[in-house]
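The values are calculated or read from the model by the stated rules, or taken from the named source; none is laboratory data. If you're wondering where the values come from, they're calculated on a predicted model, not measured in any experiment. Every residue, glycine among them, receives a Cβ derived from its backbone with ideal geometry; neighbour counts consider all protein chains shown. For accessibility, only protein heavy atoms count, side chains too; no ligands or nucleic acids. Shrake-Rupley method; radii C 1.70, N 1.55, O 1.52, S 1.80 Å.
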Amino acid sequence: ALLPLLKGEVLVDGINVEGLKVRLVRSTKGILNLQDLLDRLKPSDPKPDSEPSATSTPKKPATDNKPLIVDIQSVSIKDSGLIFIDEQSQQRWDINDIALSTDRLAPGANGQFLASFRLQATKQAADPMVGFSTRYQLGPQARRLTLSESKASAEGFWQDLSAMRL
């Protein structure tokens, strides 16, 4: 919606992702392969104001510090996966069959969060299917998150535990 953008509100009908594959690698030096992207997300340190010169334009004080309001009706992720390769510990973790869904995400919203995935690890001899569900309530300014009716499950094997079911 365009008009709400002018008021600092982002309204989204839904976010749907299908078939996303992410490969995350931590080098032997402990650096992630996407570290340069993560560094760009960090807020930059404000530079100290220098003395104004006769030709410089005075800075306008910030008059509107209203936070951006984001309202997403639903999120759905299907058939996605993540591979994490840790060259420091020489381990590999594959998270496959990722499925995630939420109801509305906005200040004051409540809904249900569902997630499931298959976890496979090379050194740990693991292959459980993991599930999680919960009801959520976001606070009015989205600074508070309350979870209720949370449930988790795991079924498969983990090292010496075969036919594990939790």
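I'd like the full set of residues that are more than 30 Å from GLN91 (Cα to Cα), open to solvent by 60 Å² or more (accessible area, probe 1.4 Å) and of a type in the set (Gly, Ala, Ser), limited to segment 112-160.
Matches in segment 112-160: SER150 only.
Can you tell me which residues in segment 6-25 are open to solvent by 70 Å² or more (accessible area, probe 1.4 Å) and over 25 Å from LYS78 (Cβ atoms)?
Within segment 6-25, LEU6, LYS7 meet the criteria.
Scan segment 59-82 and give yes if some residue there is surrounded by 15 or more Cβ atoms within 10 Å (Cβ to Cβ) and modelled with pLDDT under 90, otherwise no.
Checked segment 59-82: at least one residue is surrounded by 15 or more Cβ atoms within 10 Å (Cβ to Cβ) and modelled with pLDDT under 90.
I'd like the full set of residues that are in a strand (DSSP E or B), at negative phi and open to solvent by 70 Å² or more (accessible area, probe 1.4 Å), limited to segment 88-111.
Hits for segment 88-111 are ARG92, ASN110.
Looking only at segment 112-166, which residues are outside any strand (DSSP E or B) and either on the phi > 0 side of the Ramachandran plot or among the hydrophobic types (A, V, I, L, M, F, W, C) (or both)?
Scanning segment 112-166 gives ALA125, ALA142, GLN159, LEU166.
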